[in-house]
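Engineer: My questions all concern the structure below.
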Amino acid sequence: MSRRRTPRPDWVIDRRRLLGHRIADLRRQAELSQEQLANLAGMERRSIQRYENAQRDPQFSDLLLIAHALRVHVSDLLHSEQPHDGG
């Protein structure tokens, strides 16, 4: 796996954290465990856990699968009340 030449900017890390919180919030609203969401999305539970804990950036296809499993639009996962401040 290749390494990044420069670290990710703080605003990117913050957005990843917000995405993880949003996935967790929507999962709880759907009354699903991480295991149940993973099964519905055809993923490993550990992947859901890593996304929710902002330990890993999800691929777009994973976001589509998660949104489908939660019965929301993918944009609902990305929605945030905080403005984008990263140029």
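The values are calculated or read from the model by the stated rules, or taken from the named source; none is laboratory data. Note that this is a predicted model, so its numbers are computed, not measured. Using ideal geometry, Cβ is built from the backbone for each residue, glycine included, and neighbour counts are taken over all protein chains shown. The protein model used for the area step is the full one, side chains on, heavy atoms only, and it has no ligands, DNA or RNA in it. Shrake-Rupley method; radii C 1.70, N 1.55, O 1.52, S 1.80 Å.
Engineer: At His68 and Asp10, where each label point lies 7 Å from the Cα along Cα→Cβ, what is the point-to-point distance in nanometres?
Structural biologist: 3.8
Engineer: Could you work out the local net charge near Glu35, counting Lys and Arg as +1, Asp and Glu as -1, over the other residues with Cβ closer than 12 Å to its Cβ? Don't jump to the answer; show the numbers that get you there.
Structural biologist: On the way: positive: Arg27, Arg45, Arg46; negative: Glu44.
Computed value for this residue: +2.
Engineer: Can you give the calculated 222 nm mean residue ellipticity of the chain, where each DSSP H run of n ≥ 4 adds -39,500 (n - 2.57) and the sum is split over every residue, rounded to the nearest 500 deg cm²/dmol?
Structural biologist: Working: 5 runs with 52 residues, N = 87.
So the helix-based figure for the chain works out to -18000 deg cm²/dmol.
Engineer: Ranked highest first by the average count of other Cβ atoms within 10 Å around their residues, in what order do 58-65, 28-35, 46-53 fall?
Structural biologist: The peptides rank, most packed first, as 46-53, 58-65, 28-35.
Engineer: Which value, in Å², gives the accessible area per residue of the chain when a 1.4 Å probe is used on the protein heavy atoms?
Structural biologist: Averaged over the residues of the chain, the accessible area is 73 Å².
Engineer: How high is the relative contact order of the chain? Use alpha-carbon pairs under 8 Å, at least six apart in sequence, and give a whole percent.
Structural biologist: It comes to 32 percent, rounded to a whole number.
Engineer: Using a 1.4 Å probe on the protein heavy atoms, what percent of the accessible area of the chain belongs to carbon and sulfur?
Structural biologist: Carbon and sulfur atoms account for 47 percent of the accessible area of the chain.
Engineer: Here is a further query. With r defined as the distance between the Cβ atoms of Arg45 and His21 and R0 fixed at 22 Å, what FRET efficiency is calculated, to the nearest 0.05? Please list the in-between numbers first.
Structural biologist: Working: r = 18 Å, r/R0 = 0.82.
So the FRET efficiency works out to roughly 0.75.
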